[in-house]
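Asker: Let me begin by handing over the structure; questions about it come next.
None of the figures in this text is laboratory data; all of them are computed from the coordinates on show. Since the model is a prediction, treat every value here as computed from it, not as a measurement. So basically every Cβ, Gly included, is an ideal-geometry build from the backbone, and we count neighbours across all protein chains shown.
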Amino acid sequence: MNYLFYDLETTGLCESFDQVVRFAAITTNEHLEELNRHEISIKLRPDVVPSPYALIVTRLGINDIMSGLSEYDAFMKIHQLFNTPNQINLGYNSLNFDNNMLRFGFYRNLLDPYLHQYKNNTFRADVMNINLIYYLYKNKAINWNDQKPMKLENINKRNNFIDGKSHDAMVDVEVTLKLCKALRLHDNRMWDYLINGFVKNTDLSRLKKLSTITIGNHSYPIGIYTDISLGYDSQCCCVAISIGRHNEYKNQSLWLKVDYPNISEYLDVEDKTPRVLKRKDGEPSFILPWNKSYDHVIGEDRVNNVLENIKWLDSNVEIIDEFISNTRQRTYDKIDNLDIDASIYELGLIKNDEAEDISQFHNADINGKMQIINSTASKRISALGLRVLFRNYHDQLNENIKNKAKESIAHIDSVNIRGKARRSPLNAIDEANNILLKEDLDEEQSKILKEYISYLNRLKN
């Protein structure tokens with residue numbers, strides 16, 4: 001297996017309405033020896049209003065992102081790269097952010113958003129989750145910063161991996177690769193174990209081997225649940241029991257935290273979700289066996305809490321049974337007026353009859369693409385295809401088509417998967433001015449924001 005280490009710089013955090021503007025990657029062999037590099041600059045789409053915060057973090061001014069490949073051409077290249085056979089695609093915190101940005105980018109450009117997760121012996125991994133396990137159990141592998149030890153920028157500074165500014169896509173890729181080499185060198189067996197944990201079947205097999213505890217007449221797998229979201233105060237881990245799979249979201253397993261005091265106090269609380277962790281197979285987070293060799297990370301007090309809570313649950317079977325039943329059937333709220341760019345989960349996988357139209361679309365010239373948009377029976381191909389033309393072939397379209405696409409994109413009620421509308425020029429101007437007034441910016445960042453405000457004022461008019 002080869003590795004593809006990658007990183008993105010984007011116009012913001014919204015996978016539906018923001019876009020990738022920089023893509024960088026390094027391909028290595030199984031020994032982490034570099035084979036080749038890939039860098040792609042992507043031109044700002046006409047419908048995207050960047051986040052001011054994104055610009056000052058990446059230090060990419062508005063003029064820096066006005067040139068490059070069109071998003072459509074760039075994502076055709078990235079899609080091909082990610083679907084190289086016998087390859088592991090990984091980055092730092094990539095499964096929580098980068099992969100989502102790419103998945104939505106593939107989708108809106110009529111490319112299969114899931115192909116790289118299962119076909120041609122490819123799969124995804126996340127270095128941050130691997131790094132977390134080394135931090136917890138192999139803490140001499142590298143030098144970690146006492147404050148925010150999982151932050152890549154801090155890791156780089158503490159270990160002198162790479163000279164260069166953070167939030168530069170290629171620099172972050174190089175740092176990630178250096179980090180992985182150090183971790184692998186320290187304990188190769190652990191590296192192999194953790195990498196393989198991102199393979200769905202391997203993950204499921206390991207979960208089946210977890211020890212169990214008995215509550216009433218039921219046995220529940222128990223393990224140490226690790227994830228950065230749990231916070232450093234709890235060592236980014238907790239002891240949790242598996243309470244089964246969600247009734248509707250079949251790929252989602254549910255884990256109840258049992259290592260904090262007085263489990264009885266929250267089981268009657270209406271909103272129980274903070275105590276229940278949701279996990280997909282082969283994705284963050286790692287579930288480790290709960291045994292004495294790992295107890296030093298959990299701590300004596302929390303271990304005692306687990307024992308007391310299990311005892312209480314065993315004496316209150318009806319309460320835990322009701323809790324589990326309610327939790328497994330609780331669904332996400334339906335989002336009204338979901339924009340077509342955000343409808344990846346609602347509309348589901350590409351259907352067979354759509355696949356043929358999509359293939360023809362990619363192989364056609366601009367006139368052929370227009371014909372497919374007008375003739376297809378699929379409303380989503382028609383809508384997404386029209387936007388592809390508007391965003392990437394803007395200068396080649398007549399005014400009627402441009403106006404039709406603009407109307408679709410700018411629909412006042414359209415929202416993303418979190419119910420939020422697109423960022424508007426007016427909102428971005430207010431946000432940028434507020435940052436200039438309240439944030440401690442250097443000269444370069446101030447210049448970037450002032451140029452951005454001028455751009456937005458022209459755009460607004």
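Asker: Out of (1) farther than 25 Å from Glu30 by Cα; (2) among the basic types (Lys, Arg); (3) assigned to a helix (DSSP H, G or I), the odd one out for Lys165 is which?
Answerer: Evaluating Lys165 over (1) farther than 25 Å from Glu30 by Cα; (2) among the basic types (Lys, Arg); (3) assigned to a helix (DSSP H, G or I) leaves (3) as the failure.
Asker: For the range 90-107, enumerate the residues that are in contact with a Leu (Cβ under 6 Å, 6 or more places away or on another chain) and charged (D, E, K, R).
Answerer: Asp98
Asker: Scan the range 112-139 for residues that are of a type in the set (Phe, Trp, Tyr) and assigned to a loop (DSSP other than H, G, I, E, B) and jot them down. Steps first, answer last, please.
Answerer: Step one: list which residues in the range 112-139 are of a type in the set (Phe, Trp, Tyr), which gives 114, 118, 123, 134-135, 137.
Passing the criteria: Tyr114, Tyr118.
Asker: Same structure again: Report, by residue number, each residue of the range 73-132 that is among the hydrophobic types (A, V, I, L, M, F, W, C), farther than 16 Å from Ile42 by Cβ and free of Cβ contacts under 8 Å to residues at least 40 places away in the same chain. Full working, then the answer.
Answerer: Going residue by residue through the range 73-132, those that are among the hydrophobic types (A, V, I, L, M, F, W, C) are 74-76, 78, 81-82, 88, 90, 95, 97, 101-102, 104, 106, 110-111, 115, 123, 125, 127-128, 130, 132.
Okay, now just the ones that are also farther than 16 Å from Ile42 by Cβ, so 88, 90, 95, 97, 110, 115, 123, 125, 127-128, 130, 132.
Within the range 73-132, Leu115 is the sole residue that qualifies.
Asker: Within the range 407-419, identify whether any single residue is charged (D, E, K, R) and surrounded by 12 or more Cβ atoms within 10 Å (Cβ to Cβ), and answer yes or no.
Answerer: Of the residues in the range 407-419, the ones charged (D, E, K, R) are 407, 413, 418.
Still in the running and surrounded by 12 or more Cβ atoms within 10 Å (Cβ to Cβ): none.
No, the conditions are met nowhere in the range 407-419.
Asker: Take the range 188-209 and flag every residue that is buried (at least 17 other Cβ atoms within 10 Å of the Cβ) and acidic (Asp, Glu).
Answerer: Listed by number, the list holds a single entry, Asp203.
Asker: Another question, if that's okay. Scan the helices (runs of 4 or more DSSP H) fully inside the range 342-461 and keep the ones with 1 or more residues being touching a residue at least 12 places away in the same chain (Cβ under 8 Å) and farther than 24 Å from Glu15 by Cα. It would help to see each step written out before you state the result.
Answerer: On the way: elements: 344-347, 352-363, 366-375, 379-392, 399-409, 425-438, 443-460.
Where helices (runs of 4 or more DSSP H) fall fully within the range 342-461 and carry at least 1 residues being touching a residue at least 12 places away in the same chain (Cβ under 8 Å) and farther than 24 Å from Glu15 by Cα, they are 352-363, 366-375, 399-409, 425-438, 443-460.
Asker: Given the condition out of contact with any Cys (no Cβ under 8 Å at 6 or more places or on another chain), surrounded by 21 or more Cβ atoms within 10 Å (Cβ to Cβ) and under 22 Å from Pro425 (Cβ atoms), answer yes or no: does some residue in the range 64-73 qualify?
Answerer: For the range 64-73, residues out of contact with any Cys (no Cβ under 8 Å at 6 or more places or on another chain), surrounded by 21 or more Cβ atoms within 10 Å (Cβ to Cβ) and under 22 Å from Pro425 (Cβ atoms): present.
Asker: Also: Hey, any hits in the range 6-15 for a residue that's closer than 14 Å to Glu174 by Cβ, touching a residue at least 24 places away in the same chain (Cβ under 8 Å) and crowded, with 23+ Cβ neighbours inside 10 Å?
Answerer: Our first condition is that a residue be closer than 14 Å to Glu174 by Cβ; within the range 6-15, this holds for 6-7.
Those still in the list that are touching a residue at least 24 places away in the same chain (Cβ under 8 Å) too: 6-7.
Filter again for crowded, with 23+ Cβ neighbours inside 10 Å, leaving 6-7.
The answer is yes, given that some residue of the range 6-15 is closer than 14 Å to Glu174 by Cβ, touching a residue at least 24 places away in the same chain (Cβ under 8 Å) and crowded, with 23+ Cβ neighbours inside 10 Å.
Asker: Oh, and also: Restricting attention to the range 45-93, report how many residues are of a type in the set (S, T, N, Q) and within 19 Å of Met1 (Cα to Cα).
Answerer: Taking the range 45-93 as the starting set, the residues that turn out to be of a type in the set (S, T, N, Q) are 51, 58, 63, 67, 70, 80, 83-84, 86-87, 89, 93.
Next, only the ones that are within 19 Å of Met1 (Cα to Cα) stay: 80, 83-84, 86-87, 89.
Within the range 45-93, residues that are of a type in the set (S, T, N, Q) and within 19 Å of Met1 (Cα to Cα) number 6.
Asker: Inside the range 308-332, can you point out the residues that are in contact (Cβ under 8 Å) with a residue 40 or more places away in the chain and either in contact with a Leu (Cβ under 7 Å, 6 or more places away or on another chain) or under 30 Å from Gly419 (Cα atoms) (or both)?
Answerer: Ile319, Ile320, Phe323, Ile324, Asn326, Thr327, Arg328, Gln329, Arg330, Thr331
Asker: Which residues, counting only those in the range 325-341, are under 30 Å from Val388 (Cβ atoms) and in a helix (DSSP H, G or I)?
Answerer: Ile340, Asp341
Asker: Test Glu322 against the stated conditions and say whether it is over 26 Å from the mean Cα position of the chain (by Cα) and in a helix (DSSP H, G or I).
Answerer: Working: over 26 Å from the mean Cα position of the chain (by Cα): yes; in a helix (DSSP H, G or I): yes.
So Glu322 fits the description; yes.
Asker: For the range 241-317, which fully contained strands (runs of 3 or more DSSP E) count at least 1 residues that are surrounded by fewer than 16 Cβ atoms within 10 Å (Cβ to Cβ) and of a type in the set (Lys, Arg)?
Answerer: Working: elements: 252-257, 276-280, 286-289.
Fully inside the range 241-317 and qualifying: 276-280.
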